[in-house]
Structure formats: C-alpha cells, structure tokens
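Inspection log for the structure reproduced underneath, given as structure tokens.
What follows draws every value from the coordinates through simple rules; no lab data is involved. As the structure is a computational prediction, the values presented were derived from the model and not from experiment. Methodologically, a virtual Cβ is constructed for each residue, glycine included, from the backbone with ideal geometry; neighbour enumeration extends over all protein chains shown.
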C-alpha cells in the first residue's frame, strides 16, 4: 500500500505549523528589533554589553538547573500514548526543584565580576524562565500550536510595555531590562494557565516513575550539550569583556543581533520541523523527507542571510544603531556565516533527537566548544572582536563537518554540495564587499547583483517546496523526485 497520503499530510502539517509559528514568533521578534534603538540609546555600549552577559548567563543556568527538561517535555508530549498530565507534571517538578537547588549556589554567582550585584535577580530570572519554558513547550506539543504562537506575541508586547516603563520612565537601566523579561515571563505563565488550564493538568505527586526515568535519560545528556552550545554561541561575550572591555562586548552583542534575525526565521522553521522529525521518525520514506526539508531549509538560510547583507549598511545600521554602535557592521557578515552552519547543525541534531541518540549530540557539541575556547584565547587578544566572530564561525563549521559524517550512521540524507558551496561563495563575495569596500553606490550595486543571483539560484527549490507543501505536483513527476 502506498504511503503517498501520509507523505502529503506530513508536508501539510509542517507547512501549517510553520505558518502559525511564523505569524506568532516572527511578529514578536520583529517588535524586539523595532525596540533595539531604544535599548541601545538607554543602555549605551557598556550597559548593553553587561546586559547581554546577564541574559546569556541566565539562558545557560536555565538549561543547567532544569536539566534541559523542556526538551524532554517536547519529545514525550508529542507521543500520544504518553499521559500528557504526567509529562507536564514531571517537567514542572524537575524545573522547580532544579531552581531550588540553584538557590543554594546563588552567592557563588557574585564571585563572577560581570555578574556581581545581580545574583538574586538572576535567580528570579532563571526560575521564571524555566517554568515558562516548560509551560510553553507543553502547550506547543500537546494542546495548541496557535495558542503557543499567540503567547509569543503577548509575552513580547508585555515585555516592551515593561521596558518602556522601567527603562524609559523610571530609568532603571540594566535592572529595568532584566525585570521586564521576568515580569513578561510571569505574565506568560498566568496567560497559559488561564487559557490552556494548565493548573488542571498539573499533578505534583504520584508521577509515573518509568516515564520520569525515561524523560530524565533523554533530557540529561542534552544539558551538557546545551552548555557546549552556550560556549560556542555566547561565551564570546564574556571573553570579549575580559580581554577588551564592556564597550567592545556591547558592539559585538549588537552585531550578533542581525545574524540572529536570520536564525529566528530559520528557528521558526526548525521548531515546526523538530515536531515533524519526532512524529515521522518511523516513516518508510523518512530519508527522502529529511533530504527535502534540509534543501528547503538551506534555501531559507541563504536567502535570509543575503537579504540581511543587502540592507545592512543602507538600512539596518542607520535605523537600529546609534553612532556608538557604528563599527558593528564589520562583524555582521562573519557572524552570518556562523549562523548558516548553526542552522545546519540544528537540523542535523533532529536526527539525534528523533533516534534518542542525544549522547551523539553531546560529543559533537563538545568538539565545537573545545575548539571555540581555544580559538577565542588565541584570536581575541590578536584580532579583537573579529577574533571572537571568526572563532564562532569556525566552531560551527567543525561541528557541521562532524555531524554530517556521524549522522550518516543513523540516517542517509542527500545534501547537494555543489549548491551549498556556490551559495556560500556568493555570500562570501557580499561579505568582502561590506567589510572592505567604502559604503556607497559601488558596494550597493555589487550586493544587489549578488542577492539577485542567490535568489535565482534558489528559486527552483522554493517552487518545488511550495508544490510539495500544497500537494500540487504534476502527475508526470516521478514518485521518488526530491528537492534539489
């Protein structure tokens, strides 16, 4: 019996989730970018750098002390034969108990110069963030992707309102920004409890012991994996602050905002994809499915990165940054390269997660983290901020090479290498133009021409992706046709 109807459904489900998450999350992230100039003007380069360090430290601590249980909630809530209430309850219990343990270590946080004075604020940030993460992930996996998307918008809007009050009116600076995030997370927890009635799902006692053990076995290896990714992605800020100063880290953090915009676009795709990867892992045509989706994803990545570089100097820098942040443009192309391989690595990690081979993800990310630390120590003192950006790029590239080789043991996936190399070469041309040509007509013309070529090169894939998702492929196409 043909599995074609199931194949059609899987693309429709993926497309539906992408659209819903895109409307919710991209619009919310866009609001944050609209506020970026407000943040930079209120905090300055040094304040923006210190705030970035605190937020980055908080994201690491959430994963460490919650044991990355949110990932386990996603994985096990998507399996319909599991008791949803048990999955949610175990997630909340582990996250809360982990934060209680963190409370005993809070005084030690003050020993880190960059975090001194923010210890208990960081504790509250971690507690609210961990509980919000579990609530949001459970709603997304088990109850409603639409509600999850709406929550994303409301959380962002509430954070902006709190920012306008605490930063704009009361001038609380870094403290005002952190409290805005905390209060918006608490607002999200209340909203999800009311709309999804999560309080009725929660069972604090008598959790399923076997399910508890399975979720822990799945999640705990992801915790050190997250630490390794944090080292690659966020430790640069601490090292730039240490080797140079907070002003330099402010510029670096600002430069990273725009590559992260491309990551946000692909991240929306990735959130929907990870759900499909888990639910479709036993499909007979899973290899073809992964190959098609990777080709679609890389198309989104390349066009998004090319689009950001096209408008970086003429639009983004004047609109979002103050004069203090003007040098940041030089580092954006390097960090965009890092984001390309970060997105590729996130896609390949879905193979590990669907196969429950999370220790493989840990090993590959450990290789990247070790290389990142070594390169940061070697390159930042000699090259400054550029050294940090290049260390991040090379670390993600090393992990990508490792994972491409390693994941073939679990699932064979077709990657069209010629197309990848040509796209990266074109983006490298745009990068050199931005970094080394004086801003003006020549630079804009070169970037516009290269952008058109990138779009043309990936246009066929975009059309084929739409056909796959909408199920309007012509009858004469072969059944085993893949996106190329």
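How high is the FRET efficiency between residue 96 and residue 195 when r is their beta carbon distance and R₀ equals 22 Å, given to the nearest 0.05? Present the calculation step by step, with values, prior to reporting the outcome.
On the way: r = 21 Å, r/R0 = 0.97.
Plugging the Cβ-Cβ distance into 1/(1 + (r/R0)^6) gives 0.55.
Each part reduced to its alpha carbon centroid, the range 235-259 and the range 441-466 end up 31 Å apart. This ranking places 236, 406 by how few other beta-carbon atoms lie within 10 Å of each, fewest first, which gives 406, 236. Distance between the pseudo-spin-label points of residue 146 and residue 220 (7 Å out from Cα toward the beta carbon): 4.1 nm. Applying 1/(1 + (r/R0)^6) with R0 = 35 Å to the Cβ-Cβ distance of residue 405 and residue 442, what FRET efficiency is obtained, to the nearest 0.05? The calculated FRET efficiency here is 0.25.
Spin-label model, residue 169/residue 106: points 7 Å from Cα along the beta carbon direction are separated by 2.7 nm. Across the range 291-408, the relative contact order, built from alpha-carbon pairs under 8 Å that are at least six residues apart, equals 31 percent.
Given R0 = 25 Å, the distance between the Cβ atoms of residue 31 and residue 206 translates into a calculated FRET efficiency of 0.05. Computed over the range 293-371, the convex hull of the alpha-carbon atoms projects to a mean area of 6.8 nm². Across all Cα pairs in the range 114-165, the calculated P(r) in 5 Å bins from zero up to the longest distance comes to 4, 17, 17, 21, 19, 11, 7, 3, 0 percent per bin.
Over all Cα atoms in the chain, the spread is summed up by Rg and Dmax: 22.2, 68 Å. Cα centroids of the range 182-233 and the range 62-92: 5 Å apart.
Placing a pseudo-label 7 Å from each Cα along the Cα-to-Cβ vector at residue 449 and residue 41 gives an inter-label distance of 3.8 nm.
Per 0.36 nm of contour for each residue apart, how much would the distance between residue 363 and residue 120 grow if the chain were fully extended, relative to their Cα-Cα spacing?
Values: separation 243, 0.36 × 243 = 87.48 nm, distance 3.30 nm.
Full extension from residue 363 to residue 120 adds 84.2 nm.
As a rough footprinting exposure proxy, the listed residues 407, 414, 322 were ranked by other beta carbons within 10 Å of their own, and the order from fewest upward is 322, 414, 407. On full extension, the segment bounded by residue 424 and residue 83 gains 118.2 nm, given 0.36 nm per residue less the C-alpha separation.
Exposure proxy for 99, 462: other Cβ atoms within 10 Å of each Cβ, ordered fewest to most, give 462, 99.
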